[in-house]
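Single-structure report; data block below.
We did not get these values from a lab; they are worked out from the coordinates using the rules stated. These numbers come from a predicted model, not from an experiment. All Cβ positions, glycine included, derive from the backbone under ideal geometry; neighbour counts span all protein chains shown.
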Amino acid sequence: MNELEMPKHVAVVMDGNGRWAIKRGLERTAGHEAGEKALMKWVHEGVKLGIEEMSFYTFSTENWTRSPSEVRFLMDISKKIMRMIGPEFLELGVRVKWVGRRTRLWKSVLSELEKIQNLTKNCDKMTVNFCINYGGRSEILDAITSLLKEVQNGEFSNTKITQKQFKKYMYNSSMRDVDLMIRTSGEQRISNFLLWQLAYAEMIFLDDAWPDTDGQTLQQCIAEYNRRTRRFGAV
Ligand code: IPE
Ligand code: IPE
Ligand code: MG
């Protein structure tokens, strides 16, 4: 893959877990369990390929509308994954960042996220953003709310704000713009993911359900990305 250009930031909508399970006569939650394995394969491949940053859409602000038992399962599995991946990520050199809204997120999930962020804070091979209780609109509104607070305190007195300044108020202020967004399971929509950062992302929509994907899927997406011409409004 050496001759290929690597996107610096790959963002992934890991979709289709539920349908994957139903198709096999299993509970939807079995799909989430299978999805965890795919996630680890993508992270390993990302490191191998030299991708600098990957973001995974794990739980959206809209996913609270699912059944209480599925929500509980998703919270529990997020907690379990954060607890489990620590040593592996340390060895891989992967730094974890949680990206999302604090309100409503389980305290125990937050606490595991804080632990793994702390554990991996000096890792510098790749950054993985876990978007948990994340919504693109919430992120923009929360940024504006933080900004308004600074305006009220007199810490921000300009009458205009630049894109660069605005970024400072986002959940992860050092997150780069997304170069490549990949969504599995055949749905062709953004579902409130990284609205600001996706402005000029290349998008790939795959028919495979998330649990059926692996490192090779990511490789194929990188190859497709290299066939695209990014113009950013220029000619
Ligand atoms: C993605 O799979 C995981 C989450 C949204 C948490 P889904 O659970 O959305 O699976 P489908 O789309 O219903 O098949
Ligand atoms: C997007 O998938 C959210 C995550 C993958 C976490 P959804 O399954 O929730 O999105 P919709 O409902 O199909 O748009
Ligand atoms: Mg879905």
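Listed conditions (1) part of a helix (DSSP H, G or I); (2) aliphatic (A, V, I, L, M); (3) in contact with a strand residue (DSSP E or B) (Cβ under 6 Å, 6 or more places away or on another chain); (4) more than 14 Å from ligand 3 (Cβ to nearest atom) are all met by MET75, apart from (3). Candidates are the residues of segment 152-202 that are closer than 24 Å to VAL43 by Cα, among the basic types (Lys, Arg) and surrounded by fewer than 20 Cβ atoms within 10 Å (Cβ to Cβ); the one that is nearest to ligand 3 (Cβ to nearest atom) is ARG189.
Within segment 174-201, restricting attention to residues that are farther than 16 Å from SER138 by Cβ and of a type in the set (Gly, Ala, Ser), the residue that is nearest to ligand 1 (Cβ to nearest atom) is SER185. Residues in segment 104-120 that are among the hydroxyl-bearing types (Ser, Thr, Tyr) and without any contact (Cβ under 8 Å) to a residue 24 or more places away in the chain: 1 in all. Here the condition is being β-branched (Val, Ile, Thr) and without any contact (Cβ under 8 Å) to a residue 40 or more places away in the chain; of THR127, THR162, it holds for THR162 alone. The C-beta contact set for segment 65-80 (first residue without any contact (Cβ under 8 Å) to a residue 12 or more places away in the chain and surrounded by fewer than 17 Cβ atoms within 10 Å (Cβ to Cβ), second residue of a type in the set (Phe, Trp, Tyr) and not in a loop (DSSP other than H, G, I, E, B), distance under 7 angstrom, 6+ apart or interchain) comprises VAL71/TRP64.
Residue selection: MET40 fails the criterion of being surrounded by fewer than 21 Cβ atoms within 10 Å (Cβ to Cβ), more than 16 Å from ligand 3 (Cβ to nearest atom), under 18 Å from GLU27 (Cα atoms) and touching a residue at least 12 places away in the same chain (Cβ under 8 Å).
Among the residues making up segment 113-131, those that are assigned to a helix (DSSP H, G or I) and crowded, with 20+ Cβ neighbours inside 10 Å are LEU113, ILE116.
The listed residues are GLU91, GLU45, GLU5, and the only one of them that is away from ligand 3 (no atom under 16 Å from the Cβ), exposed (fewer than 14 other Cβ atoms within 10 Å of the Cβ) and in a helix (DSSP H, G or I) turns out to be GLU91.
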